[in-house]
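Below is one structure, written out as structure tokens, with a few remarks after it.
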Amino acid sequence: MWFPKLASDRVLRAEPVDAPFALTLHQNNTERIYCLNEAAEAAGLHKGMGYADARAFCPDLQSRKADPQADLRFQHTLARWAGRYCPWVGVEGHDGLVLDITGSTHLYGGEAAMLDDMHLRLHRAGIAVRTGLADTRGASWALAHYGRGIAMPGNALGHIGALPVAALRISEGDSVSLQRLGVRLISDLVALPRATVTRRFGPGVLLRLDQALGRRAEEISPLPEAPHYGVRLTLPEPIGLAADVMAGTGRLLERLCTRLKDQEMGARVLNLTLRRVDQASQNIELRLARPLRDPDRILPLFQRGVDKADAGFGIDQLRLEAVRVDALPPEQVSRATVRRQDQLDDLITRIGNRIGLENVRRFLPADSHIPERGYIISPAAFSDPAEGWSAPRPRPVRLFPPEPLHHTGTEPPGRFRWRRMSLTTGRATGPERIAPEWWLADENWRFGVRDYWRVETKQGWRLWLYHTPQNPGWFVQGEFA
Amino acid sequence: MSSEFWSEFPPRRNRAHEVCGPGALFFALSFAAQTPGPVLWVSERWRADRINPVGLSDFLAPGRLLTADAGDHLEVLAVGEEALRSGSVALVVMELNKPIGLTEGRRLQLAAETGKTRALSIIAADTGSNAAETRWQCAPVFDLVDSTLQKWELIKNKSGTLGVWDISWDAKARRVHVVSKTGERPGSESRAG
């Protein structure tokens with residue numbers, strides 16, 4: 001199965017355009033056409049053409065940026081869809097699928113009927129497709145790209161013999177050289193003595209030929225089936241009470257957690273969808289601080305979201321999906337220590353669902369003498385507490401962005417005003433010189449080295465002042481306990 | 001004199017406390033240092049001044065500390081209440097800069113009671129709620145010898161007397177130390193007599 005216009009079909013399905021249309025991709029410093037529709041082809045454009053040239057050829061060309069990642073996802077979606085024809089579906093290149101339909105054609109009433117069905121459904125979906133069906137993967141590729149129809153069993157050569165050598169999936173260079181030698185068709189290549197071809201082109205060309213003709217086996221590797229962590233519960237009568245919804249969620253959780261346990265996974269993000277009788281649906285997202293698969297612990301965490309949900313005229317379907325899962329291998333735990341840790345994790349989850357999981361953080365030590373970089377702030381859900389804190393010299397307990405002082409000179413001021421307070425220096429300890437880390441560009445340290453002073457004022461405040469000798473100025477940066 | 005202090009500090013369990021004044025951070029850290037277990041520090045996201053874990057490692061291991069940056073005043077209170085109710089942290093410190101109403105104060109108090117934890121709100125002067133168990137006013141004091149000297153004043157106490165103490169930090173023992181009144185220091189006249 002070959003989708004010659006996979007990328008543009010994907011975009012055009014979302015927003016149909018009745019005009020020449022092309023997707024452009026930035027390659028080698030120029031915008032090139034990545035994929036285009038039939039109208040654009042009729043206007044004389046082709047793949048790989050410069051976008052500026054294409055616009056000159058065809059002034060009313062519409063274009064979008066190409067997104068190869070999304071195309072890949074779309075290809076995999078199609079592969080999943082193709083599972084309706086046979087279970088053995090693999091991906092071919094970046095715009096094709098390969099199906100091993102052995103033994104499943106009779107379900108559709110024969111090979112031709114199956115191909116017709118494929119064409120019909122894909123045409124209805126607005127996706128251009130070319131198919132080839134043969135004994136071997138190579139022959140069907142050749143038929144899909146360069147010919148059409150079904151090759152009878154055991155007669156692959158008869159069908160693909162009349163196709164050009166490029167249909168053998170050989171490299172462009174090989175194909176051009178073969179044509180220069182006058183070997184234009186596959187049947188011409190078969191007629192040549194094998195030794196001469198190998199001497200001239202290496203084993204690659206004959207390997208492809210043998211694969212196409214079935215003299216050498218070629219496997220199809222189907223896509224792995226991604227485990228799906230979603231369960232649903234459809235109710236005969238709509239429910240509206242929060243307690244009922246929680247009971248339903250509890251049942252779903254039990255099923256989901258059994259599945260997670262089989263795969264040794266733990267849920268990180270859960271999504272509960274409540275579908276109401278009027279077809280509106282509500283999402284309750286639960287982000288967990290640790291991968292979990294214990295229904296008794298997860299269920300209470302849903303309480304807040306369920307209480308806030310609006311049941312309307314009633315809810316008739318609950319759907320629970322683990323959107324993100326992490327590996328959670330079974331581990332031996334001791335009862336004593338784990339309980340408190342579990343409680344703390346649940347608390348982080350609950351707070352995280354209120355203010356955002358990334359806003360619950362903890363400090364980790366960092367190796368830097370720059371005061372602002374002596375520590376790292378890391379989300380608590382994704383880190384563990386670390387030891388190894390050391391302050392070789394007294395450091396303030398509170399840091400703030402530097403606040404300028406009105407003072408000149410290299411000694412700390414005797415009297416100064418700070419935050420609308422008039423302060424008198426009682427004792428000043430210092431200076432402690434801290435040089436910027438030149439290997440990191442930091443805008444705050446652009447004034448060069450700093451001489452830090454610990455200033456104890458007669459009014460009580462103990463402040464951390466610094467002087468920048470390279471660019472004279474005084475600043476307050478912190479406050480001691 | 002100092003025995004009275006130790007009956008009030010560290011502030012009682014299952015209660016919500018308040019502290020104000022320029023030395024409030026020192027008070028909160030000394031409190032956390034004498035409370036074993038995890039500490040949750042809740043503040044508002046927009047604040048530019050941040051606690052510095054390197055500096056406060058003199059008081060308590062920063063690994064015990066969890067911070068939560070809430071969006072606004074109400075979220076700080078909500079997060080604080082949730083944490084207190086769950087009982088999985090030993091102390092919840094909330095940095096507030098708006099007055100706490102009686103309802104909010106009472107809810108914090110009830111949550112601390114349910115979770116058997118302690119709450120400490122760092123508030124601006126005169127913005128506390130009547131529901132708080134104790135309120136402390138702390139200010140650093142300049143001293144020629146001791147650079148950790150503070151004056152702690154207990155200005156509200158629901159179940160005890162008020163008092164004023166001079167406090168210094170004992171870095172070795174990692175706890176506060178009550179400085180005796182001038183007249184009661186070892187070697188002074190009244191003591192000898």
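Before we move on, is residue A:408 farther than 20 Å from residue B:53 by Cβ, more than 13 Å from chain B (Cβ to nearest Cβ) and among the hydroxyl-bearing types (Ser, Thr, Tyr)? So residue A:408 fits the description; yes.
Taken over segment B:42-58, the residue count meeting the criterion of being more than 8 Å from chain A (Cβ to nearest Cβ) and crowded, with 20+ Cβ neighbours inside 10 Å is 2.
Highlighted here are the helices (runs of 4 or more DSSP H) found entirely within segment A:278-363 that include at least 2 residues which are farther than 21 Å from residue A:242 by Cβ: A:335-355. If you go through segment A:355-402 and keep only what is more than 9 Å from chain B (Cβ to nearest Cβ), within 16 Å of residue A:455 (Cα to Cα) and surrounded by 15 or more Cβ atoms within 10 Å (Cβ to Cβ), you end up with just A:402. Across segment B:25-41, the qualifying residues are those that are within 9 Å of chain A (Cβ to nearest Cβ) and out of contact with any strand residue (DSSP E or B) (no Cβ under 7 Å at 6 or more places or on another chain), and the one among them that is nearest to residue A:350 (Cα to Cα) is B:37. Suppose the filter is without any contact (Cβ under 8 Å) to a residue 24 or more places away in the chain and either buried (at least 20 other Cβ atoms within 10 Å of the Cβ) or more than 14 Å from every other protein chain (Cβ to nearest Cβ) (or both); does residue B:7 pass it? When the stated conditions are applied, residue B:7 does not pass them. If the condition is being in contact (Cβ under 8 Å) with a residue 12 or more places away in the chain, touching a Leu at 6+ places or on another chain (Cβ under 7 Å) and within 9 Å of chain A (Cβ to nearest Cβ), then segment B:59-75 contributes B:59, B:66, B:68.
Hey, can you tell me all the residues within segment A:282-306 that are free of Cβ contacts under 8 Å to residues at least 24 places away in the same chain and basic (Lys, Arg)? Listed by number, the list is empty, since nothing qualifies. Taking the stated definitions as given, is residue A:232 in contact (Cβ under 8 Å) with a residue 60 or more places away in the chain and within 30 Å of residue A:317 (Cβ to Cβ)? So residue A:232 passes the test. Kindly list the number of the only condition in (1) without any contact (Cβ under 8 Å) to a residue 24 or more places away in the chain; (2) more than 30 Å from residue B:42 (Cα to Cα); (3) of a type in the set (A, V, I, L, M) that fails for residue A:376. Here residue A:376 clears every test but (2).
The numbered conditions (1) at the interface with chain B (Cβ under 7 Å from one of its Cβ atoms); (2) of a type in the set (Gly, Ala, Ser); (3) farther than 21 Å from residue A:481 by Cα are all true for residue A:426 except (3). Could you check segment A:33-50 and list, in sequence order, the residues that are buried (at least 20 other Cβ atoms within 10 Å of the Cβ) and more than 15 Å from residue A:17 (Cα to Cα)? Matches in segment A:33-50: A:33, A:34, A:45. Restricting segment A:132-168 to residues that are in contact with a His (Cβ under 9 Å, 6 or more places away or on another chain) and not in a helix (DSSP H, G or I) leaves a set whose member that is surrounded by the most Cβ atoms within 10 Å (Cβ to Cβ) is A:134.
Considering only residues that are within 10 Å of chain B (Cβ to nearest Cβ) and not in a strand (DSSP E or B), look in segment A:467-481 and name the one that is surrounded by the most Cβ atoms within 10 Å (Cβ to Cβ). Top of the filtered list is A:481. In the set (1) of a type in the set (Val, Ile, Thr); (2) more than 11 Å from every other protein chain (Cβ to nearest Cβ); (3) in contact with a Ser or Thr (Cβ under 9 Å, 6 or more places away or on another chain); (4) under 27 Å from residue A:462 (Cβ atoms), residue B:127 fails one condition alone, (3).
For residue A:422, indicate whether it is under 54 Å from the mean Cα position of the chain (by Cα), outside the structural domain of residue A:291 (by TED's automatic domain parsing) and among the polar types (S, T, N, Q). No. All of B:89, B:76 fail the test of being modelled with pLDDT of 90 or more, within 30 Å of residue B:171 (Cα to Cα) and crowded, with 19+ Cβ neighbours inside 10 Å, apart from B:89. Quick check on residue A:403: is it modelled with pLDDT of 85 or more, of a type in the set (D, E, K, R) and either not in a helix (DSSP H, G or I) or not assigned by TED's automatic domain parsing to the domain that holds residue A:456 (or both)? Yes, satisfied. Every condition in (1) of a type outside the set (Asp, Glu); (2) more than 19 Å from residue A:251 (Cβ to Cβ); (3) at pLDDT 90 or above is met by residue A:273 except one, and the failing one is (2). With respect to the conditions (1) more than 24 Å from residue B:63 (Cβ to Cβ); (2) surrounded by fewer than 18 Cβ atoms within 10 Å (Cβ to Cβ); (3) within 14 Å of chain A (Cβ to nearest Cβ); (4) modelled with pLDDT under 90, residue B:97 lacks only one, and its number is (3).
Considering (1) under 45 Å from the mean Cα position of the chain (by Cα); (2) under 27 Å from residue B:41 (Cα atoms), the lone condition that residue A:481 does not fulfil carries the number (1).
The values are calculated or read from the model by the stated rules, or taken from the named source; none is laboratory data. None of these values were measured; they are calculated from a predicted model. All Cβ positions, even for glycine, are placed from backbone atoms using ideal geometry, and neighbour counts span all protein chains on display.
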